[in-house]
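Trainee: After the structure tokens below, expect a handful of questions from me.
None of the figures in this text is laboratory data; all of them are computed from the coordinates on show. Source: prediction; values computed, not measured. Cβ: placed from backbone, ideal geometry, glycine included. Neighbour counts: every protein chain shown.
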Amino acid sequence: MNLNAEKPANSRERFNRAARCLPVDRPPMWLMRQAGRALPEYRKLKETYTFVQLCQNPDLAVEVTLQPVRRFGFDAAILFSDILVIPEAMGQTYHFKETGGVQMDFAVTSKADIEKLSVEHVCERLNYVEQALKILRKELGDQTALLGFTGSPWTLATFMMEGASVPKYSRALQLFREDKKTFFGLLEKLTAAVTAYLKMQIATGIDALQIFDSHGGHLAPTEFQEASGRWTDEIIANLGGQVPVINFSLGTHGNWPDLIASGASILGIDWQTSIAEARKIIPSHIAMQGNLSPAHIAESTPDVVAAETKKVLETMRGRPGHIFNLGHGLTPGAKLENIAALVETVKGFK
């Protein structure tokens, strides 16, 4: 933090300055999975609509996206959607089971299944995302930053090949190890689909986007770059620096050189990683996002959350380009009073 920094005009400017490692009055903040889950206003909507219906109806997606911004005043809103809209748009539909978790209509288990997946009409089929983002840009105006997102090709492949949420994701890793040619065929299709999808999001006026490599840590450090990192790098390069890209790769910080070289302007730091150590390693021209443990929001008291939040802020004091966030997404058990304590602590940080 730079105490001599000129106070940004609003939350959007604060976020955009921090994303470019420019001085700000305090770190901007948003939380992964801030929309939904913990909010009673979201749960009320879920009494009437399924998760997929909320995603696919632009007006409902806008409402759910705005709910946490109204309640807590975050500096950025992130589109309410799901990473699995990409496989669905390619021909592999999904739904959420009553008992929790994802179920896809079929698993991608063969070369023939991969060949059936289509990249051609992904943006057309995801028009509901485009419409939601356009409405959000108007609703948020110049006051609040708007973020888009996607899953990384590797993370999408792990879901697509299992066909559901499972305790252990093994099929994509097995294919990578045993038949790289077929694996690369799937990842090439996913990379093309994700690139087109993100270009569509950028055209709606988003301020930044995040690539969630949620399953990057399932790979050995020696396998990470070939199975996951290279595909994310290709996407970032193809976007041409039009907006800042946050690369959030969970459990892969043994691969700092690869992540630093990814081309991302912001690196997400997960809760399992020391942000102090990350600060020493990550070059000063790359912004850093993170990294309070989401467990504190679900299990601690407001006083503990405030103290732990301040620890992260103090660790990053004086480092341009810090965006405050959790080290992973909010859990369904997140307590509203703890989120409020986090927000108050960040807003009051001097």
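Trainee: Using a cut-off of 26 Å between alpha-carbon atoms, which lysines can reach Lys310, once sequence neighbours fewer than 8 places away in the same chain are excluded?
Mentor: Straight-line reach from Lys310, under 26 Å: Lys7, Lys280, Lys335, Lys347, Lys350.
Trainee: How big is D, in µm² s⁻¹, for region 11-347 by Stokes-Einstein at 37 °C and 0.692 mPa s if Rh is the Kirkwood radius over C-alpha pairs?
Mentor: Details: Rh = 20.1 Å.
Answer, rounded: 164 µm²/s.
Trainee: When the convex hull of the Cα atoms of region 171-329 is projected onto a plane and the area is averaged over all directions, what value comes out in nm²?
Mentor: With the hull built on Cα positions only, its mean projection is 10.3 nm².
Trainee: As I understand it, the dipole of region 209-350 uses +1 on the Cβ of Lys and Arg and -1 on the Cβ of Asp and Glu, about the Cα centre. Which of Gly318, Ile235, Leu267 lies farthest toward its positive end?
Mentor: Gly318
Trainee: Please give the Cα centre distance for region 182-261 versus region 107-175, rounded to the nearest Å.
Mentor: 12 Å
Trainee: For the chain, what is the mean residue ellipticity at 222 nm derived from helices alone (per DSSP H run of n ≥ 4: -39500 (n - 2.57); sum divided by total residues; nearest 500 deg cm²/dmol)?
Mentor: -13500 deg cm²/dmol
Trainee: So if R0 is 25 Å, what FRET efficiency would Asp142 and Ile260 give, r being the distance between their Cβ atoms, rounded to the nearest 0.05?
Mentor: 0.20
Trainee: So who's got an amide H within less than 5 Å of the one on Ala208, skipping anything under 5 residues away but keeping other chains? H placed 1.01 Å off N, in plane.
Mentor: Amide H neighbours of Ala208: Leu146, Gly148.
Trainee: Relative contact order (percent) for the chain, with alpha-carbon contacts under 8 angstrom and 6 or more residues of separation?
Mentor: So the answer I get is 21 percent.
Trainee: Over the chain, with a Gaussian network built from C-alpha contacts below 10 Å, which listed residue (Ala76, Ala261, Ala278) shows the highest mean-square fluctuation?
Mentor: Ala261
Trainee: Right, something else. Let me spell out the model: positive unit charges on the Cβ of Lys and Arg, negative unit charges on the Cβ of Asp and Glu, origin at the Cα centre of the chain. What dipole size does that give, in debye rounded to 20?
Mentor: That gives a dipole near 720 debye.
Trainee: For Glu299 and His285, calculate 0.36 nm times their separation in residues minus their Cα-Cα distance, and state this gained length in nm to one decimal.
Mentor: On the way: separation 14, 0.36 × 14 = 5.04 nm, distance 3.50 nm.
Additional length available on full extension: 1.5 nm.
Trainee: Stretched out fully, how many nm does the piece from Lys180 to His121 gain, at 0.36 nm a residue minus the Cα gap?
Mentor: Length gained between Lys180 and His121: 18.6 nm.
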